[in-house]
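Report on the structure given below.
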Ligand SMILES: Nc1nc2c(ncn2[C@@H]2O[C@H](COP(=O)(O)OP(=O)(O)OP(=O)(O)O)[C@@H](O)[C@H]2O)c(=O)[nH]1
Ligand SMILES: Nc1nc2c(ncn2[C@@H]2O[C@H](COP(=O)(O)OP(=O)(O)OP(=O)(O)O)[C@@H](O)[C@H]2O)c(=O)[nH]1
Ligand SMILES: [Mg+2]
Ligand SMILES: [Mg+2]
């Protein structure tokens, strides 16, 4: 008779569908406990199945161990960006090109996402990172809807100005009469409808060019991804502002809806424009449940630029794929 | 919806029908973010109930389906419709303090004003206190909301200690004989102990008659652990479920209710102050299961 050892551990066994069924089921459940959406979990276990069916287990290796290794591979693959981007280099390339006035076009980011995920906070962290790399940053208050959105950015600009120059006096105006200092400044025009948003965006980019800012960071209002009246202005906004990079902030706490959020935002800009990156925020609040990042990349193939791991300016990290995969497999 | 689709097959075998049905229910619940361990508990409960109440012989297939459907529906309704011994009922001519807690960005500040307007409409004298001194622009946000809704408010641009601001705000409104004082606090999460400690300290000076946890309907598997931790530290007595106008069906809320035995009292259905409704277990569960015609179920 074949005992447990023979069936499971001896290795050199051709893997069949029935060998895999319970193992994959177990792995799928594991992924779901880590907040991976069932749809994405199915996709991943399907990958494992394709990878292993008909192949042989290595010596002294069980089907389960083999499947775990295959899943690790599939997760690594999905989270590893297809093309490597050197964002800082790309920015330098653009801002190094001077026109006949001796000025360059600024490098423009816009930040989008659903309500309350951390757009404004992570925009400020991004600003801090760019300031650390010696770029001059203009922060633009294109959320003209939510109460306090403009004032929120004003506080961040004051904080960042102070971090760049200790002698900065909070509430003071810089030489152009604006909130901020030589390093970072706020471009704002109060509250209003979506016409105002586009107007501010265009004015800000021109202003950044004239005043020789390297970077324009545009915050936008949170919006529900399933509401066309909120989503459709994004397309015209992007057409008018022509951002170099559109970054969607996705929140690690979000469950299966993250799949649809990512899809709908990626589709919001029309056929010729996609999202460029994700920032996955609030990764510090979910423990090992890192599934959201898998869900969003699974849904769109858009890479993760940074992960947010807290509420301060330094809580922005490049994603360690190895860490994420190990955490998901733990 | 999951229920109807699963039942469109026409097997006469009750047990087979139950299994098919439960499989579809499990899928639907997992897709709506109900905690995976809770899903399997629910599945077993429902199964044993269904097996115990085998339909009378000679009942039609349609009747059997209805029975299964109703059992599932009732089980989920019972779960979210948890009874509270003494539900909070603010009294006029008395000071009732309500404190809001919750994860970052869940919708606390927005819901504070919504609740304030709800009570104001019912004739209460309501004031708002901003005890969030952490989040950039928090006071401006609450202030602008409050001004729009014509609710008196208290907060500070200079004081950095939320305990201090909460204390001052409560004292001011109490002196002026306000009947309901709603205290907004900053977002926090269980992984950062100092933030929970702060919440406990605020609650010591505020002495709330009711603490409300605000939960985002799109929350996933983290719902259980986070809400449990909030329950342990703040002993909240009710939940407001926000962003129900979105695509998410709010299964995370089921995990939160099951883990804390605390009822959902209101849902947020939009960013505007009037996008606020009383929670109804039946319409919540039918949205979750994707059943359109709850009436036909209720007929039985
Ligand atoms: N723990 C933690 N909290 C975060 C992180 N990123 C943002 N937050 C918090 O999440 C809350 C919401 O952040 P905001 O930046 O205002 O979110 P938003 O997407 O701009 O919100 P709206 O503009 O209202 O849609 C704030 O309390 C932030 O401090 C993070 O990485 N970790
Ligand atoms: N669509 C929709 N958006 C909502 C709802 N409730 C709140 N929001 C939005 O969600 C975002 C976050 O809401 P806030 O009230 O600032 O959340 P908060 O919990 O106070 O956030 P922190 O103080 O940073 O922890 C804002 O953009 C709100 O407009 C709702 O029911 N539906
Ligand atoms: Mg914002
Ligand atoms: Mg708030």
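Remark: the residue B:197-residue B:283 segment gains 27.3 nm on full extension, using 0.36 nm per residue and subtracting the alpha carbon distance.
Which shape class, rounded, prolate or oblate, goes with region B:108-204 when its Cα gyration tensor gives a ≥ b ≥ c as root eigenvalues, a/c under 1.5 marks rounded, and past that a/b bigger than b/c marks prolate? Since a/c reaches 1.5 and a/b is larger than b/c, the shape of region B:108-204 is classed as prolate. Pull out a ≥ b ≥ c, the square roots of the eigenvalues of the alpha-carbon gyration tensor of the protein assembly as shown, then state rounded if a/c is under 1.5, prolate if not and a/b is larger than b/c, and oblate in the remaining case. In terms of gyration-tensor shape, oblate. Evaluate peptide B:262-271: per residue, the Cβ atoms of other protein chains within 10 Å of its Cβ; return the mean as an integer. That average works out to 1.
Extending 7 Å from the Cα toward the beta-carbon at both residue A:199 and residue B:235 defines two label points whose distance is 5.4 nm.
The packing ranking of peptides A:249-260, A:21-32, highest mean first, is A:249-260, A:21-32, where packing means the average number of other beta carbon atoms within 10 angstrom of each residue.
Shielding by partners for peptide A:245-257, expressed as the average number of C-beta atoms from other protein chains within 10 Å of each residue's C-beta, is 6. Counts of other chain beta carbons within 10 angstrom of each beta carbon in peptide B:222-234 average 2.
Net length available on complete extension from residue A:320 to residue A:210 is 35.8 nm, with 0.36 nm assigned per residue and the Cα-Cα distance removed.
What shape does region B:153-271 take by its C-alpha gyration tensor, where a ≥ b ≥ c are the square roots of the eigenvalues and a/c under 1.5 counts as rounded, a/b above b/c as prolate, and the rest as oblate? Cα axes put region B:153-271 in the prolate bin. Taking all Cα pairs closer than 8 Å and separated by 6 or more residues, the relative contact order of chain B comes to 24 percent.
Taking all Cα pairs closer than 8 Å and separated by 6 or more residues, the relative contact order of region A:8-110 comes to 31 percent. Each of the peptides B:146-155, B:258-267 was scored by the mean count of other Cβ atoms within 10 Å over its residues; in descending order, highest first, they stand as B:258-267, B:146-155. The stretch between residue A:271 and residue A:189 holds 26.4 nm of extra length on full extension. This uses 0.36 nm per residue minus the Cα-Cα distance.
Sorting A:277-288, B:82-93, B:33-44, A:191-202 by average packing, meaning the other beta carbons within 10 Å per residue, from highest down gives A:277-288, B:33-44, A:191-202, B:82-93. Taken along the Cα-to-beta-carbon direction at a fixed 7 Å, the label points for residue A:60 and residue B:207 span 6.9 nm.
Here A:248, A:329 are placed in order of increasing Cβ neighbour count within 10 Å, fewest first, which gives A:329, A:248. Ranked by how many other Cβ atoms sit within 10 Å of their own Cβ, fewest first, the residues A:83, A:184, B:163 fall in the order A:83, B:163, A:184.
Each value in this text was obtained by applying a stated rule to the coordinates, not by laboratory testing. The structure displayed is predicted, hence computed values, not measured ones. Heads up, the Cβs are rebuilt from the backbone with ideal geometry, glycines too, and the neighbour counts pull from every protein chain shown.
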